[in-house]
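Comments concern the structure below.
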Amino acid sequence: MQAKYKNILIAILGILFMLSLMAIYFLVKKDNEELKTIQGVVIIADKEYVMLEVSGEDYLIKNIKGNYNVGDEVKFTYKEKDLNTKEEPKSIKISDEELIKVKEEEREEDNNSNGNLDNSNSTSNNTTGSGENTPSTNQNNNTGANTGVSNNTSTSNNNSNTSTSGNSSANNSNPSSGNNITSGINSGSADTEVVNYFNSYKTSIDSSNPTSIGSTLKSGFVTVVDFLFYNGTIKGYRFNDLTSTAKLKVLAMALYFDNKIEKYFPGYKETISNTASKIYTNVKSKVVNAYLNITTSICSSNAELCGDAKEGFGKLKKNFGLTWDLIKDIAGDGLANLKSWYEIWRET
């Protein structure tokens, strides 16, 4: 009799347990179906997707229907189950969308455009009403033509100066500036000599034992950084003498050298920065910035080399733990670069 009651009790407990599991399942399912909202500022805008910044975090929205611009404030509605926190940045499949606020500059441009239209109409009416304005109008048109010639001349001179400056200095935001993707007159020799130097430096580091790696690593690090960012020379060549392909190779190796310095001599870059007029503490950021800019330039004109450049960046991302947050920090306020950089990031 006692065994019978025991079996009944076990059966009741089993049923209660199953009911509990079912209740938990339906509660979780209901929570996943519950609609949530997210509201933030657009930092990347495309016809097919936008990236939203919310409280310092980025969210990729892939299935948009509206057209948005960088700086617009947008609210999206989504289900909890459609939030993917495993991607970097996080992604959301939305159910609804609403434009909350247009970027202020766009409003100002619209207002200015309307104001200019009114002024244009007013000027047109005044000109039509008075024949005395006709000579003045012709004179202004002639002046405009002369100004156009003067501006073209000035632009030509500026371009000439920029080109000269670009060949003499590598210390700019885009080290590929002023250089073609294909090699120049001496680029073959420059590529060979400089890449060989970098390869030899890497080999000497890799073959050094822990007790002697210090002198080997330090001796070439400053030379490499000066070459990349401070108009330095290697074998008589400057960074801008290289083709874009060679630039990416040496930049990738420079990131390797910087990682070695951080590993073996954590405070070394701060020390040499304090005793010199140059900064060596931000090498990683400058290298990644340069690599992405050059890759962007390549991808705008050469599909084959674009694939190689993106593959190379994928290796850097994996080997050196490059994160989207790092890329965004490097971009800083340069949101114009961020879209191109994200296109490279997501394909690697």
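The values are calculated or read from the model by the stated rules, or taken from the named source; none is laboratory data. As the structure is a prediction and not an experimental result, all values here were calculated from the model. When we count neighbours, we look across all protein chains shown, and the Cβ atoms used for this are built from the backbone with ideal geometry, even at glycine. Just so you know, the surface numbers come from the protein's heavy atoms only, side chains and all, with ligands and any DNA or RNA stripped out. Shrake-Rupley method; radii C 1.70, N 1.55, O 1.52, S 1.80 Å.
A few points about this structure:
- Taking 0.36 nm per residue of sequence separation and removing the Cα-Cα distance, the Phe265/Lys4 pair yields an extension gain of 86.5 nm.
- Exposure rank, largest accessible area first [Glu57, Glu73; 1.4 Å]: Glu57, Glu73
- Rounded to the nearest 0.05, the FRET efficiency derived from the C-beta distance between Lys202 and Glu343 at R0 = 30 Å is 0.50.
- The convex hull built on the alpha-carbon positions of the range 232-348 has an orientation-averaged projected area of 8.2 nm².
- Cα centroid separation, the range 233-288 to the range 35-105 (Å): 37
- Residue-level accessible surface for Ile100, protein heavy atoms, 1.4 Å, Å²: 70
- Largest first, the residues Cys306, Cys299 sort by 1.4 Å accessible area into Cys299, Cys306.
- For the set Ser285, Ser300, solvent exposure ranked by accessible area (probe 1.4 Å, protein chains only) runs largest to smallest as Ser300, Ser285.
- Average accessible surface area per residue within the range 266-348, 1.4 Å rolling probe, Å²: 50
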